[in-house]
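S.K.: This structure is in C-alpha cells; I'll ask about it shortly.
The values are calculated or read from the model by the stated rules, or taken from the named source; none is laboratory data. Bear in mind the structure is a predicted one, so any value in this text is a computation, not a measurement. Heads up, the Cβs are rebuilt from the backbone with ideal geometry, glycines too, and the neighbour counts pull from every protein chain shown. The protein model used for the area step is the full one, side chains on, heavy atoms only, and it has no ligands, DNA or RNA in it. Shrake-Rupley method; radii C 1.70, N 1.55, O 1.52, S 1.80 Å.
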Amino acid sequence: MATSDLDFLLIEYEQKRRRAEIDLEQRKKQIYQKYPRLEEIEEQINKIAIHKTKSILIHQLTDSLNTEFENELMNLKQEKEAILKKEKIDPKFLKPKYECEKCKDTGYITNLNQKTQMCSCLRQRLINISYNKSNLSNLQKENFKNFDLTKFSNEVNMEKYKMNISPRENINQIKQASIHFIKNFENSNTKNLFFTGNTGLGKTYMTNCIANELLNLGKTVLYQTAPVLLETIIDHKFNKYKTSNINNFYEQVLGADLLIIDDLGTECINSMKLSELFTILNARALNLNNKITKTIISTNLSIEQVFHIYEERIGSRIAGFYDIYYFFGEDLRLKK
C-alpha cells in the first residue's frame, strides 16, 4: 500500500473529525442559548474532571474526595438528562456525529489487548483505492433493498433447466442463504459460497448485496476477478513494481474479512497460479491467519468442471468448504 495513499486518507480523516467537532459546537451553541443551564452543567462537569485529575497528579485523591467527585458528577448528569427529557432533546444531539463511531474518524482503534490497530473503515478505504477500484461501484443500487424477485421467471421448466423449481424460487433460496451467510459470518462453521451459472443470472448482483451488508457491519471486502487477482499476486511476489511492500497485497488477500473472487475460470492457468490459488483458498478456509475470513467464488464453471480444469486439491477444498449454489434462468440483461 502506498504510503502517500495512507497519508492522504489520514488528512481526510482529520478533516472529517474536525468538521464533526465544529458541527457539534454549532449545535451546542444553539441549545445553550435556549437552555443556559445545560451549558452551566457542562462547565461544572469539566471543572470536576480537572479537579479530580489534579488531585490524582499530586497524590491527594482520597476515597472520600473521590466519592464526593462521583456524587457531584452523578447529580449533574441526572439533572442534564432530566432537562433533555423534559424538552424532548435527543442526547445524541449533543454528541459529535462521526462517520465511523468505532474510531471516531481517527482511522485507528484500541483492540482488546490495548494495542492500537487500523480501523476497518480505514483498511477498507485503502483496499478500495489500491485494489477494488471500480469493482464495488454499484453497491448503491445493487443491494437487498433493491432486490426484485419479479425479474425472475416463476415458471418451472424441468426440460430446459433440469431443475424442479422455478428460477424465482431458486434465486429466493439463494438470497435467504446469502442473508444467513451474513448473519452467521463470525461463525467458523459457516461455509463459504460458490456461485455457479451462466452470465446475466444475478451472481454479481448477489455478491454485491452481500458485500454491501458486510461493509455496513464494518467488515473489509476485497473484490477481484480471478485473472487480476492471480496476476497481481505473481507480480507482487516477484516485486514487479519495485516497492518495499512486496507482501502487502498478499496480506490483504489473506486478511480481508470477505474475499470475492469473480470470473474463476477466465484466467490463464499455470502451475504457479494453481499453487497460489490453493494457498489462498486453503488459508482462508482454515482461518490460518488467526481470524475468521470468508470467501465467495463466482464462476460460469460447474463444480464438476472445476475438478476437471484445476487440481483435485482445489476442487476438494471448494467441495468441502463451500456451499454451492446454481443460478439458472433467462439472461436478465436481455430483459432491460
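S.K.: In the range 8-67, which residues are in a loop (DSSP other than H, G, I, E, B) and among the hydroxyl-bearing types (Ser, Thr, Tyr)?
M.R.: Residues satisfying the conditions are 35, 62.
S.K.: In addition: Being at pLDDT 90 or above and either exposed (fewer than 14 other Cβ atoms within 10 Å of the Cβ) or closer than 30 Å to residue 6 by Cβ (or both) narrows it down to one of 42, 81, 72, so name that one.
M.R.: 81
S.K.: Please go through the range 1-54 and give me each residue that is free of Cβ contacts under 8 Å to residues at least 60 places away in the same chain, within 30 Å of residue 117 (Cα to Cα) and of a type in the set (A, V, I, L, M, F, W, C), ordered by number.
M.R.: Residues satisfying the conditions are 8, 11, 22, 49, 50.
S.K.: Moving on to the next point. Residue 275 - would you say it is closer than 15 Å to residue 226 by Cβ and without any contact (Cβ under 8 Å) to a residue 12 or more places away in the chain?
M.R.: Judged against the criteria, residue 275 is a match.
S.K.: Need the failing condition index for residue 35 against (1) among the hydroxyl-bearing types (Ser, Thr, Tyr); (2) open to solvent by 50 Å² or more (accessible area, probe 1.4 Å); (3) farther than 30 Å from residue 216 by Cβ, just the number.
M.R.: (2)
S.K.: Can you give me the number of residues within the range 210-234 that are open to solvent by less than 20 Å² (accessible area, probe 1.4 Å) and part of a helix (DSSP H, G or I)?
M.R.: Residues that pass the stated criteria total 7.
S.K.: Mind listing whichever residues of the range 137-174 are assigned to a helix (DSSP H, G or I) and surrounded by fewer than 17 Cβ atoms within 10 Å (Cβ to Cβ)?
M.R.: Listed by number, the residues that qualify are 144, 145, 146, 149, 150, 151, 158, 159, 160, 169, 172, 173.
S.K.: Against the conditions (1) surrounded by 15 or more Cβ atoms within 10 Å (Cβ to Cβ); (2) touching a Ser or Thr at 6+ places or on another chain (Cβ under 7 Å); (3) of a type outside the set (D, E, K, R), where does residue 197 fall short? Just the number, please.
M.R.: Here residue 197 clears every test but (2).
S.K.: Taking strands (runs of 3 or more DSSP E) that do not extend beyond the range 252-336, which have at least 1 residues that are hydroxyl-bearing (Ser, Thr, Tyr), open to solvent by less than 20 Å² (accessible area, probe 1.4 Å) and modelled with pLDDT of 95 or more?
M.R.: Of the strands (runs of 3 or more DSSP E) lying wholly inside the range 252-336, those with at least 1 residues that are hydroxyl-bearing (Ser, Thr, Tyr), open to solvent by less than 20 Å² (accessible area, probe 1.4 Å) and modelled with pLDDT of 95 or more span 294-299, 322-326.
S.K.: Give the residue that is farthest from the chain's Cα centre (by Cα), with candidates limited to residues of the range 307-320 that are closer than 13 Å to residue 261 by Cβ and touching a residue at least 40 places away in the same chain (Cβ under 8 Å).
M.R.: Step by step, filter the range 307-320, then rank; the result is 310.
S.K.: In addition: Among the numbered criteria (1) surrounded by fewer than 17 Cβ atoms within 10 Å (Cβ to Cβ); (2) within 28 Å of residue 320 (Cβ to Cβ), which one does residue 206 miss?
M.R.: Only one criterion is unmet by residue 206, namely (1).
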